[in-house]
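To keep things clear, I will list the structure first and then write my remarks on it.
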Amino acid sequence: MCPGCGDRFDETVAVPPVLTRLRALPVSVVVAVAAVLAVVSARLLHSEPDFPHHPPVACLALAAVVATTVVAERALGSVRTVVIGVVAPALAVLATLVAVTVGSALGEAHAETATGQPLLAPSTVAVALLGAASATMTLQWRWRVRTVLWTVVLTLVLFAGHGSDLARALATLLGTAAGALVAHRASRPVHHEADRTVRALPPARTVVVATLSALGAGTLVTLVVPDADGVLSPFADAMRDDSTAAVGMLLLFAAWLVQHGRRLGVTIAVGVLVVLTVVLADAFLIEPLHDGGVQWQGLGLDALEWQATLLGAWVVPAVVLAVGLGLHGRLVRARFRAVDGSQAALVAMLRDGDAGSLGHMGTWHGNATWVHPAGLGAVAYRVHGDVALTVSDPVCAAADRAVVLRDFADSCERKGWVPAFTSVHEPVREILAADGWTALPVGVEAVLDVTAFSLSGKKRQDLRTASNRADREGVRDAWTTFGALSDTHRHEVEAICTRWAADRRLPEMGFTLGGLRELDDPDVRLMLALDAEDHVVGVTSWLPVYEHGTLTGWTLDVMRRGEGGMPGVMEFLIARTALRAREAGLTTISLSGTPLAVHPDAGALVARGSALLARVLEPVYGFRSLQRFKEKFGARHEPLWLVVPTPLHVPRVARALATAYVPGLRPKHLWALRQAHRRTDVTAAGAEAGGARPTSQAGRR
């Protein structure tokens, strides 16, 4: 093979998949080519009025047509895309033409203004296709897409009021109906027959945010759209242009704040709507009545309609103001209380239900418990900022899991919180992903089948070595609880845990990583290593795992080695726990999750990000060393997921997770982390020069 042929070979291999994708979307390819030709020819010949006057708008409209064609063709197929993309806009334009013709003949003012205006625009095709494609989307995305689509379309109808705006609205309606007909199975929630929580109407917050956005954007539309003739276009006639722009921007800002549950957003919205209502009422109601300009006799249809429009213009902001005040309690983000009266219910459900291997962590200090109104289950969570972080899987039966998840998400939404399901297992991810949620891998849980566990074999050499050394040195294991310890042993356990936390260059992690506080629990068992002099030299704690009222296993939480502990003391304690669990008739023990551990289901970008973050934190928390340590036991790996409503929520949730896990993080800790990296690099360089292999302190057991 000649030099450079390899590169050419790789390029030829990469071509067929691209051609395959293009052949699968023939309509999209044709539309894209036609759009490019239209832009080029229009710019050269100036044959299309929209291009010389508004080339950016026209180009954006054509780009929207291409994008929605791709979405629709992938969701509905090529033939249905062509039919809906042609028939729905054609019927919408025909219906608009009939309405304009009849209205103009009757003397209706808006119809007379729309006479002669172009009724078909590229965006008419785009909204029809997007409305049709929304029928095949998951429930979450269907609501989002349709809410945004109808907010934009109705805003243009009410404020711009051109004939093309009415045609666009009708095309959206027809496209949505057509999509529901040809994809009726996707337009109904069929993922779970037991799901009784599907909403018939959008939540109050969504309605208020959409309304505020429509008023704000519509007010700005009247400033940029020529000859605005919508029924709400008189908004701009009562104020100067700068005041109109200020009102529009403030309403949009208020809508953004209300979406995040901020009280300031409600305050701004109420203030702007009060001013807008007063100004419009004075301009279109009080002043005409005072001057005698209001009369109802001897007027034609157009004059009567225009006068009624002016008199009623102030009613719209007044109604929105009343609705905002009435829903004030549901719009402002609720305060989070870490302690409530539902903790006892969670403990009872943990014993009788199925919460998975990490369920007992929900009982820890700082968590609250949401109980399903029908008693189907419970969710342990805590709130940081406006994000509600759950503590692993919900506590409920598998058959009720979908209902509990969605009802908890609805409860968070009503309180102004973003639900984030943290460290959940695959069944939870599957349910939420089916509804359009975004899942990110955040770690790997090591689960050990104790029924098949043994110390024999080459791979268990380290475990046998640790066990034999413990026997030689007189180290024994003790299976107990914190409350049953003698005063001496309790003080030694506290000293080991306190010294370990003090040695960290960053604050001790919390949330789903326990510490000394979590040991003092009658349901938590301790496996201690006691030396020949009866001193505690190693500490592990184990959380109970129940399934339908039966104890089935234990989950490793705290793992601390004392100063005088022998090498391999952790291997010794975990192996003894596995053997005790097998003797007790249990099936599994979990070595808990390893944060940032990458598993095969992670995408390339997420895997690289997790590896980078794990490498940054390695000198302090030793996540990679911990993962290598767990591999000694031959446990199977189960992925742990973070599931959020949309990709846009990931930065907010990541910030909340950082606060939850490391609440005391300060700039000085980041400087200490940098110094730790420098010391690690120096140690590694010295070890390499001396022919030795470096060992991180975090990885030593």
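Quick note: the coordinates plus some simple rules give every number you see, no bench work behind them. Bear in mind that the values here come from a model prediction, so they are computed numbers and not experimental data. Glycine gets a Cβ as well: all are built from the backbone with ideal geometry, and neighbour counts include every protein chain shown.
Using only the Cα atoms of segment 427-489, build the gyration tensor, take square roots of its eigenvalues as a ≥ b ≥ c, and label the shape rounded, prolate or oblate: rounded if a/c is under 1.5, else prolate if a/b is larger than b/c, else oblate. Mind showing how you got there, number by number?
On the way: a/c = 3.74, a/b = 1.77, b/c = 2.11.
Because a/c hits 1.5 or more and a/b fails to exceed b/c, segment 427-489 counts as oblate.
Can you give me the Cα centroid spacing of segment 431-452 and segment 239-260 in angstrom?
43 Å
Calculate the spin-label point distance for VAL148 paired with ARG330, positioning each point 7 Å from the Cα along the beta-carbon direction, and give it in nanometres.
The two pseudo-label positions are separated by 2.4 nm.
Report the full-extension gain for the segment THR646 to THR488: residue separation times 0.36 nm, less the Cα-Cα distance, to one decimal in nm. Could the numbers behind the result be given before it?
Working: separation 158, 0.36 × 158 = 56.88 nm, distance 5.18 nm.
Extra length available between THR646 and THR488 comes to 51.7 nm.
Going by how many other beta carbons lie within 10 Å of each one, how would you line up VAL39, VAL33, fewest first?
Fewest to most other Cβ atoms nearby, the residues stand as VAL33, VAL39.
Under a crude label model (7 Å from the Cα following the beta-carbon direction), how far is ARG472 from GLU631 in nanometres?
2.7 nm
Rg over Rh of segment 343-437, using C-alpha atoms and the Kirkwood radius, what does it come to? Write out the running numbers ahead of the final one.
Values: Rg = 12.0 Å, Rh = 13.0 Å.
Checking Rg against Rh, the ratio lands at 0.92.
Multiply the residue separation of LYS459 and VAL36 by 0.36 nm, subtract the distance between their alpha-carbon atoms, and state the gained length in nm to one decimal. Don't skip to the end; give the middle numbers.
Numbers: separation 423, 0.36 × 423 = 152.28 nm, distance 6.28 nm.
Here the answer is 146.0 nm.
Given R₀ = 22 Å, what would the calculated FRET efficiency be for ALA24 paired with LEU91, taking r from the Cβ atoms and rounding to 0.05? Before the final figure, lay out each step's value.
Working: r = 28 Å, r/R0 = 1.29.
Between ALA24 and LEU91 the formula returns 0.20.
Taking other Cβ within 10 Å of each residue's Cβ, how do HIS365, HIS489 sort, fewest first?
Neighbour counts put them in this order, fewest first: HIS365, HIS489.
What is the antiparallel percent of DSSP beta bridges lying wholly in segment 343-437, to the nearest 5? Working shown, then result.
Details: 10 of 13 bridges.
The antiparallel fraction comes to roughly 75 percent.
So, in nm, how far is label ALA204 from label VAL231 when the simple model puts each one 7 Å beyond its Cα toward the Cβ?
Output for this residue pair reads 2.6 nm.
First measure r as the distance between the Cβ atoms of ASP242 and LEU551, then evaluate 1/(1 + (r/R0)^6) with R0 = 60 Å and state the FRET efficiency to the nearest 0.05.
0.30
Work out how much length THR480 to GLU583 would gain on full extension: take 0.36 nm times their residue separation and subtract the Cα-Cα distance, in nm to one decimal. Write down the numbers at each step before the final one.
Values: separation 103, 0.36 × 103 = 37.08 nm, distance 1.61 nm.
Gain on stretching THR480 to GLU583: 35.5 nm.
Set the Förster distance to 35 Å, then compute FRET efficiency between TRP141 and THR659 from the Cβ-Cβ distance, nearest 0.05. Walk me through the numbers on the way to the answer.
Numbers: r = 29 Å, r/R0 = 0.82.
E(calc), rounded to 0.05, equals 0.75.
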